[in-house]
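Structure, as structure tokens:
Read-outs throughout are calculated quantities, based only on the coordinates presented, and are distinct from any laboratory measurement. In this text, all values refer to a predicted model and were calculated from it rather than measured experimentally. Cβ placement follows ideal geometry from the backbone for every residue including glycine, while neighbour counts extend to all protein chains displayed.
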Amino acid sequence: MERIREILVDTRPEYDFFDEVDFIEEGMLDSFDVITLVTELEETFNIQIDGADIIPENFCSIKAIKELILKSGGTI
């Protein structure tokens, strides 16, 4: 899960990403950031994220992102 946090911080270095807040709801990530994250996650974890899974709920926390990676066939 630390690797996910590192990717988030690389994307938006002005924030510390912890699971206590909803990253989307708090404005920490916007739609462009989500697309950037999809690319980084696919490359880092050697997965293909289905377009139907690119929804805010899958990017609102580190736990949600981890579950998306696992659903997409990746390992953490």
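For this structure, a couple of remarks:
- Verdict on GLU6 being without any contact (Cβ under 8 Å) to a residue 12 or more places away in the chain, assigned to a helix (DSSP H, G or I) and under 13 Å from GLY74 (Cβ atoms): no
- The residues of region 23-59 that are within 14 Å of ARG5 (Cβ to Cβ) and either part of a loop (DSSP other than H, G, I, E, B) or aliphatic (A, V, I, L, M) (or both), listed by number, are PHE23, MET28, LEU29, LEU37, LEU41.
- Filtered by the rule that a residue be assigned to a helix (DSSP H, G or I) and of a type in the set (Gly, Ala, Ser), region 60-76 gives a lone residue, ALA64.
- In region 53-76, the residues that are closer than 13 Å to LEU37 by Cβ and touching a helix residue (DSSP H, G or I) at 6+ places or on another chain (Cβ under 8 Å): ASP53, ILE54, PRO56, ASN58, PHE59, ILE62, ALA64, ILE65, LYS66, LEU68, ILE69, SER72
- Odd one out for ILE49 among (1) among the hydrophobic types (A, V, I, L, M, F, W, C); (2) surrounded by 13 or more Cβ atoms within 10 Å (Cβ to Cβ); (3) within 10 Å of the chain's Cα centre (by Cα): (3)
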